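**Q** Below: one structure in structure tokens.
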Amino acid sequence: MLAPASASIPSIDASATPAQLRRFFYAAYCDTPTPLRWLSAIRPYVCPYDKLLQFVRDGADVLDVGCGAGSLLAVLAATKKIRRGVGCDVMAPPLESARAAAQRLGAQDMLTFEHIRSVAHAPEGPFDIVAMVDVLHHVPPPDRRDVFAAAVHRVRPGGIFLYKDMTARPGGRRLAHNIDDYVFTREWVEQVPEGAVEAWARDHQLALVHDEFIPRLIYGHELRVFQRLEH
Ligand SMILES: C[S@@+](CC[C@H](N)C(=O)[O-])C[C@H]1O[C@@H](n2cnc3c(N)ncnc32)[C@H](O)[C@@H]1O
């Protein structure tokens, strides 16, 4: 049972700007302790959720692998874009925030969140959309191919694998990401090398349908959208 909210949650639609998403997250994550609530609220300025929404078709069943506090699914539920969303993560505490936000949004029947030991233990699906946002650079390099394979295995034929990670292109944006992750996780991460996911995708009958570099503030993002072939 959640405490009464201090303010109502602003409504958003699929064209929401980062500023609108910030206000939405700040209200929806009111049960998340400060400063994590603040970090959730400002994350749309860093992470281009607004750019991801256009690739989620209405009424989709979505699996978000490494969902953290469930921000992407919260937006998809609030914009009424999806039929069902399942988030999974190897860390349990952010999932508590995700569940509380889902309840605040009245989306507790639409969204579920599962603590998993590895992606191999994620719900099987298959799903219309499997998303993996800023997860792979946290996975040790020797394990990345298997984590990728386990995620895309859950995309139904004709479905979409929505991948976004921090850029590996040499330069200031990559360094900004390294410093950011070091400050927050004490980990000097190794970005996913350019071309790696495209090569793995070909091994899994996934066609690249959208490829975009997104500069945002001091960061750089690599968005790749793949579609599983219908056989
Ligand atoms: C930077 S956060 C991104 C969270 C969320 N996707 C978002 O965009 O807000 C990275 C997340 O990946 C999760 N993660 C790391 N390794 C993972 C793995 N092998 N399987 C599933 N999740 C993983 C972490 O626990 C963390 O919640």
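**Q** Let me check I've understood the local charge: for Leu36, count other residues with C-beta under 13 angstrom from its C-beta, Lys and Arg +1, Asp and Glu -1. What total comes out?
**A** 0
**Q** Something else about it: Could you please put Leu36, Leu208 in sequence from largest to smallest accessible area, using a 1.4 Å probe?
**A** These residues rank, largest area first, as Leu36, Leu208.
**Q** Taking only C-alpha pairs under 8 Å that are 6+ residues apart, what is the relative contact order of the stretch 174-231 in percent?
**A** RCO, the stretch 174-231: 28 percent.
**Q** Ok, one more. To make sure I understand the rule: partners must be aspartates and glutamates, Cα under 19 Å from the Cα of Lys80, and not fewer than 8 residues away in the same chain. Which ones qualify?
**A** Asp13, Asp50, Asp58, Asp61, Asp64, Asp109, Asp128
**Q** As a check on your grasp of the helix formula, calculate [θ] at 222 nm for the chain: sum -39500 (n - 2.57) over DSSP H runs of n ≥ 4, divide by the residue count, round to the nearest 500.
**A** For the chain, the value works out to -10000 deg cm²/dmol.
**Q** Where Lys and Arg each count +1 and Asp and Glu each count -1, what net charge lies around Asp58 among other residues with Cβ under 10 Å from its Cβ?
**A** Value of the local net charge: +4.
**Q** While we're here: Counting Lys +1, Arg +1, Asp -1, Glu -1, what net charge surrounds Asp211 among other residues with beta carbon under 14 Å of its beta carbon? Mind showing how you got there, number by number?
**A** Values: positive: Lys51, Lys164, Arg169, Arg202, Arg224; negative: Asp165, Glu194, Glu198, Glu212, Glu222.
Surrounding charge for Asp211 is 0.
**Q** Oh, and also: Within the stretch 62-106, what residues put their amide N at less than 11 Å from the label point 7 Å along the Cα-to-Cβ vector of Leu2?
**A** 97-106
**Q** Might you report the magnitude of the Cβ-based charge dipole of the stretch 46-228 about its Cα centre, with Lys and Arg at +1 and Asp and Glu at -1, to the nearest 20 debye?
**A** The dipole of the stretch 46-228 has a size of about 360 debye.
**Q** Further question: Among Gly106, Gly66, Ile214, whose Cα lies farthest out toward the positive end of the dipole of the chain, if unit charges sit on the beta carbon of Lys, Arg (+1) and Asp, Glu (-1)?
**A** So the residue furthest toward the plus end is Gly106.
**Q** Shifting gears a bit: Leaving out ligands, DNA and RNA but keeping every protein chain, what accessible area does Glu230 have, in Å² rounded to the nearest 10, with a 1.4 Å probe?
**A** The value for Glu230 is about 120 Å².
**Q** Still on this structure, I have one more. How would Tyr29, Tyr182 line up by accessible area, probe 1.4 Å, largest first?
**A** Values: Tyr29 0, Tyr182 95 Å².
Result of the area sort, largest leading: Tyr182, Tyr29.
**Q** Would you mind giving the three semi-axes, in whole Å and largest first, of the ellipsoid equivalent to the stretch 46-228 according to its Cα gyration tensor?
**A** On the way: eigenvalues 112, 75, 51 Å².
Its equivalent ellipsoid spans semi-axes of 24, 19, 16 Å.
**Q** Of the accessible area of the chain, with the probe set at 1.4 angstrom, what percent is carbon plus sulfur?
**A** That fraction is 55 percent.
**Q** How much of Ser40 can a 1.4 Å solvent probe reach, expressed as accessible area in Å² and rounded to 10?
**A** Spelled out: Ser40, probe radius 1.4 Å, area about 20 Å².
The values are calculated or read from the model by the stated rules, or taken from the named source; none is laboratory data. Fair warning: this is a prediction, and the values are worked out from it, not measured in the lab. Neighbour counts run over all protein chains shown; Cβ positions are idealised from the backbone, glycine included. In case anyone asks, the SASA skips ligands and DNA or RNA and just uses the protein heavy atoms, side chains included. Shrake-Rupley method; radii C 1.70, N 1.55, O 1.52, S 1.80 Å.
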